[in-house]
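Shown next, in structure tokens, is the structure this report addresses.
The values are calculated or read from the model by the stated rules, or taken from the named source; none is laboratory data. Because the structure is predicted, anything quoted here is derived from the model rather than measured. All Cβ positions, glycine included, derive from the backbone under ideal geometry; neighbour counts span all protein chains shown.
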Amino acid sequence: MILTAYSIIMLLFWTGVSLYLIINCRKIVYLKDQTPLDEKSCPAVTVIIAVKDEEADVEDALHSVCELDYPNYNIIVINDRSTDTTSAILSRMASKHPRLHIINVEELPQGWLGKNHALYQGYKASSDEWLLFTDADVLFEKGALKKSMRYVLQKQLDHLTMFAQITSRSSLFKGVMNTFALMLDIKLRPWEISNPSSKASLGVGAFNLVKREAYEKAGTHSVISLRPDDDLKLGERVKSAGFKQDVLYGEKEIALEWYTSLQQFVNGLMKNMFSVSNYQVGTAIGTAISTFLILVLPVPLLLLSGSLYQLMGVVILIAQVLLMLLKKGIAAKWWHALLIPFSGLVMVYIIIKSTWLTIKQGGIYWRDSFYPLTELRKQV
């Protein structure tokens, strides 16, 4: 009886959610399809990038930013206590590119995460009407900023964020990443963020283009100084302050290799996953249980049960395959659907271990600094 009820619920869920995501994600458009803005109409933009020990990626990424086809922009890079060759790379590049300015942070003030503090310092050193917060491993096509700004002005936006194209040398990570992307779509409903009456909001660290006025009235990074998910929280605060925001897919215009392997992905999410639950143990456990019941269990359980259940399992699997192939915004293979149970198990592991470690340590370690849980919870 329980298995029958569970099977029917999962069948309805997966067929429904597949249609839901396929239809709604088509409402989000591609940056590559936008027309570049005329040079005479380009407002001033400051690109702000925080870096710490980024010697492997920063030169290529920064070169792409310096080569943007945009007439009216500056670049501020905040070197946050790097101990590798990042400082030398930045100095060399600054000597070649007059629009590139370097700020060196030698000491981190209390009550700040390093990246959040660095981005805030970049804002304070800027004066332009628009701010583009991006990461030190993001590669831009030359016309990306002109196309973005045209979309912003056409839609009269105060904040535009972007899903960058995620590349990786690991096929396994790509498959797991696509399941993670589905989870984010279900949770965040990105197609809804342009609707003023919707509570949906979004910010992506790879690309947050925000009007200075909106950023300041949203409180700047000073009110999210201890949030590891600062990009999401920035988007949330901008939307809550009554400003207009939207999102685009950045395929073929903005790209990054987020992680080079599945292990690196697990380690990367481990330090900030508990923050997504606002440091509430009950919320984290609930998320882990629902992830297990929805992603991990259905297909393997039904395929190992009787013939009727096997048929339901096959239908769910077909729905998942179609979702991977037809959903806009992910370059998925059909067999990535076969990885959904495994991917769900990986996410359950990350959620549980991140929660356990944070509670056990009484806080989190971030870039060699320790932040007590009591302090982190003050910005929930």
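Being under 12 Å from Ile254 (Cβ atoms) and assigned by TED's automatic domain parsing to the domain that holds Val51 narrows it down to one residue among Ala136, Ala125, Ala118, Ala164; which is it?
Details: Ala136 fails: under 12 Å from Ile254 (Cβ atoms); Ala125 fails: under 12 Å from Ile254 (Cβ atoms); Ala118 fails: under 12 Å from Ile254 (Cβ atoms).
Every option except Ala164 fails the conditions.
I'm told Phe173 meets every condition in (1) hydrophobic (A, V, I, L, M, F, W, C); (2) crowded, with 18+ Cβ neighbours inside 10 Å; (3) at pLDDT 95 or above; (4) not in a strand (DSSP E or B) except one. Can you identify the failing condition by its number?
(3)
Within the stretch 219-233, track down each residue that is within 15 Å of Ile48 (Cβ to Cβ) and in contact with a strand residue (DSSP E or B) (Cβ under 8 Å, 6 or more places away or on another chain).
Matches in the stretch 219-233: Asp231 only.
Lys327: of a type in the set (D, E, K, R) and over 20 Å from the mean Cα position of the chain (by Cα), yes or no?
No; evaluated as a whole, the condition is false for this residue.
From (1) of a type outside the set (D, E, K, R); (2) crowded, with 16+ Cβ neighbours inside 10 Å; (3) closer than 25 Å to Cys25 by Cα, pick out the condition that doesn't hold for Ala331.
The single condition Ala331 does not satisfy is (2).
Consider Gly329 carefully, then state whether it is outside the structural domain of Leu172 (by TED's automatic domain parsing), touching a strand residue (DSSP E or B) at 6+ places or on another chain (Cβ under 6 Å), closer than 30 Å to Leu153 by Cβ and not hydrophobic (A, V, I, L, M, F, W, C).
Numbers: outside the structural domain of Leu172 (by TED's automatic domain parsing): yes; touching a strand residue (DSSP E or B) at 6+ places or on another chain (Cβ under 6 Å): yes; closer than 30 Å to Leu153 by Cβ: yes; not hydrophobic (A, V, I, L, M, F, W, C): yes.
Yes: the conditions hold for Gly329.
For the stretch 275-326, what are the residues that are part of a helix (DSSP H, G or I), polar (S, T, N, Q), within 30 Å of Trp366 (Cβ to Cβ) and touching a residue at least 12 places away in the same chain (Cβ under 8 Å)?
Those that are part of a helix (DSSP H, G or I), polar (S, T, N, Q), within 30 Å of Trp366 (Cβ to Cβ) and touching a residue at least 12 places away in the same chain (Cβ under 8 Å): Ser275, Thr287, Thr291.
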